[in-house]
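Below is one structure, written out as structure tokens; comments come after it.
The values are calculated or read from the model by the stated rules, or taken from the named source; none is laboratory data. Just so we're clear, the structure is a prediction, and the values are computed from it rather than from any experiment. Every residue, glycine among them, receives a Cβ derived from its backbone with ideal geometry; neighbour counts consider all protein chains shown.
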2 protein chains.
Amino acid sequence: METLLLDRRTQGLIEGYVPEGELLFSLTRFFSIFADGTRLRILSALAISEMCVTDISRVLGINQTTVSHQLRFLKDVGMVCTERHGKIIFYSLSNEIVNDILLKGVEFLGY
Amino acid sequence: METLLLDRRTQGLIEGYVPEGELLFSLTRFFSIFADGTRLRILSALAISEMCVTDISRVLGINQTTVSHQLRFLKDVGMVCTERHGKIIFYSLSNEIVNDILLKGVEFLGY
DNA sequence: ATAGCATATGTATGATTGCACATATGGGGA
DNA sequence: TCCCCATATGTGCAATCATACATATGCTAT
């Protein structure tokens, strides 16, 4: 998946990497998760502590069905994982990288 | 901007950070840049070498007006910067963090 | 088994967005 | 000055998406 580009100024060939095809699709789907305020708040809350749907709904003041829908997305892309305790299902971040990216975003914005 | 959450399992209070308001808005806008294939390809190309609108358009096979529109977004959020040489305007990544985040995404997906 | 709470799903809608067409601006060279 | 190339802007369309309503499923305890 390597790309050759011509550097207009040096007139030399440069080797690089421009994602295409399946990787490109997966990347956009992955990053689109971060592109919504509701999901960002849910992810941030889960970065603090694992929680169940109802707790997230109450703490963040978001409709329960909305939270459930969004958590499904998050699970589909592998960002959160679940652990059942009785009738309660605990959601947590499945990967450090998710939190890393959140922090990179905050860093970029200079906060 | 700190939030107190109750950990359902330990019953203890946890200090954390859930972005709200302006930061939340800026974060979603920032990450939404990565949520589109065209922009992702443009950013990846610029990570290899600075380029002008026409070159990007040719190398990636994207309509010139589309490239221009997207570069405006990228400039508005501060992801790219420009340098004029005569009538040609060179675009380049303005920050390492942008490329870091791209790589984090690839890493998450296991590529 | 049945009541009650936790979670998930189906669906309609309002809003957002990526794109390309046509066109406009702007700089450089003849 | 006039033409050409590089870049930017206006606009409309098609597609996607976030949300909330209503409802369904699933687990637990009595």
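A few points about this structure:
- Residue count for segment B:22-45, restricted to those that are closer than 19 Å to B:His69 by Cβ, more than 9 Å from the chain's Cα centre (by Cα) and more than 12 Å from DNA strand C (Cβ to nearest atom): 2
- Filter pass, B:Ile48 being away from DNA strand C (no atom under 16 Å from the Cβ), under 16 Å from A:Leu24 (Cβ atoms) and not charged (D, E, K, R): yes
- Looking only at residues in segment B:78-93 that are surrounded by 17 or more Cβ atoms within 10 Å (Cβ to Cβ) and at the interface with chain A (Cβ under 10 Å from one of its Cβ atoms), the one that is farthest from A:Ser32 (Cα to Cα) is B:Phe90.
- A residue that is more than 26 Å from A:Leu109 (Cβ to Cβ), surrounded by fewer than 14 Cβ atoms within 10 Å (Cβ to Cβ), more than 11 Å from chain A (Cβ to nearest Cβ) and within 10 Å of DNA strand D (Cβ to nearest atom) cannot be found anywhere in segment B:68-77.
- Number of positions in segment A:54-67 that are within 19 Å of A:Ile33 (Cβ to Cβ) and away from DNA strand D (no atom under 11 Å from the Cβ): 1
- Where strands (runs of 3 or more DSSP E) sit wholly within segment B:8-111, those with at least 1 residues that are modelled with pLDDT of 95 or more occupy B:80-85, B:88-93.
- Looking only at residues of segment B:55-66 that are in contact (Cβ under 8 Å) with a residue 12 or more places away in the chain and more than 9 Å from DNA strand C (Cβ to nearest atom), we find that the one that is farthest from the other protein chains (Cβ to nearest Cβ) is B:Ile56.
- First in segment B:99-111 and among the hydroxyl-bearing types (Ser, Thr, Tyr), second anywhere and surrounded by 15 or more Cβ atoms within 10 Å (Cβ to Cβ), Cβ under 7 Å, 6 or more apart: B:Tyr111/A:Leu23
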